[in-house]
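The next block holds one structure in the form of structure tokens; read it before the comments.
Only the coordinates and a few stated rules stand behind these numbers; no lab work does. Computed from a prediction, not measured in an experiment: that's the story for all the values here. Please note: Cβ atoms are built from the backbone with ideal geometry, for glycine as well, and neighbour counts cover all protein chains shown.
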Amino acid sequence: MKTVMHLLASNSIGGAEKIVFNIIDQTKRDYKHIYVCPKGPIEEYLEKEEIEFLAVDRLTYRSIKESIKRFRPNIIHAHDFRMTMLGSVCKGKNMRLIAHLHSTRPQFTQKGIWTCIFNVLATRCNQIILVSEHLLKEFKFNPTTFSKCIVLQNIIREDKIKQSINEVGESYDLMYLGRLEKEKNPIKFIRVFGELLKGAPIKGIMVGDGALRNEVRNQIHSKNISKELITTGFEENPYGYLNKSKILVMTSQYEGASIAGLEALALSKVVIFPKSNYNERFNERGVFFCGSEEEYIQTIRKLLLDQGYYNQQSKKGYELFKEINKEDDYLTTIYRLYQG
């Protein structure tokens, strides 16, 4: 049985991590998987799910080299840019390297030193997975790098999501679901919520943790909206809250093919993405794209004030989910990439 080593830079659970868990779960009969990441809260989940892992103090050239020497993988599956670059300089001669880019990064959307470095290191990749057509248009790679790229839309297990829904008491108009980090821009969500609250009574919830947790709490306190907008911190199972929310609001500075967005559509929720993710095929099919705070406010206000319009968009969103969430096709592609 061949061994796949997954390299991930985060020590908590986000969209990329959920994708890896799904890949491991669906291919574990045919491949042995090793999950390599920094030490942190994700270890508890990995132990509970009986996923073999190695947690290190820091993911560096040395720690990855030592991991490769210890497990001798046949395939390195590197998730996002930094892990791809480290994997490319650490991999052995006969190892396959698959890069999996789950989101964009500003430094790779323009020609410069980082793009040049990635192009050089990408020569050691056997395949590069991009999670959306949007990323294919954004990145400024050279033709050789692009020739190794395929678009593989993220998927989720609808049955598992619905089986995981736990009961929560209150219902919410708006939900923020994700890390409290600068690139996710949770402060923008708070500002938008605060403005909407001036026009009508609404309830909101923020599920997630991160470096901005104190700033998030301070912003909510300073606006005196802590009764209307609650925070829960990290939730391993957020699906009860998501099921009781009407609209998932994403205010990220940049976003890939959002797992949280797919999960919301699977539960017939309306999703608002940042305009940087604009996709004409998805627009106003349970999905909206907003840029300025005023755009967010106007779009959300219309959805909340017109129940008929919301119901129509909710139905369209679930239909879109069924159209794009091709689980069998996804698994077939993963097997093809692993087999080479």
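Miscellaneous remarks
- Cα lying deepest toward the dipole's positive end in the chain, options A200, P143, I128, charges on Cβ: P143
- Greater than 25 Å apart at Cα, pairs in K69/K148; K198/K244; K184/K244; K39/K322; K148/K316; K48/K182: K69/K148; K39/K322; K148/K316; K48/K182
- Exceedance of the 22 Å cut-off in Cα-Cα distance is limited, within the set K18/K227; K188/K326; K269/K326; K18/K162, to K18/K227; K188/K326.
- Among the trypsin sites (Lys or Arg not before Pro) in the range 72-103, those located in a DSSP loop and surrounded by at most 10 other Cβ atoms within 10 Å of their own Cβ are K93.
- Theoretical FRET efficiency, 1/(1+(r/R0)^6), r = Cβ-Cβ of R124 and S292, R0 56 Å, to 0.05: 0.85
- Between S222 and I117, the FRET efficiency from the beta-carbon distance, with R0 = 45 Å, is close to 0.60.
- For the chain, the relative contact order works out to 15 percent when only alpha carbon pairs closer than 8 Å and six or more residues apart are counted.
- Amide H contacts of I76: M5, R96, L97, I98, each under 5 Å away and 5 or more positions distant or on a separate chain (H built 1.01 Å from N in the peptide plane; Pro and chain starts excluded).
- Shape class of the range 187-331 from the Cα gyration tensor (axes a ≥ b ≥ c, square roots of the eigenvalues): prolate, since a/c reaches 1.5 or more and a/b is larger than b/c.
- For K91, the aspartates and glutamates whose Cα comes closer than 13 Å to its Cα, not counting residues fewer than 8 places off in the same chain, are E66.
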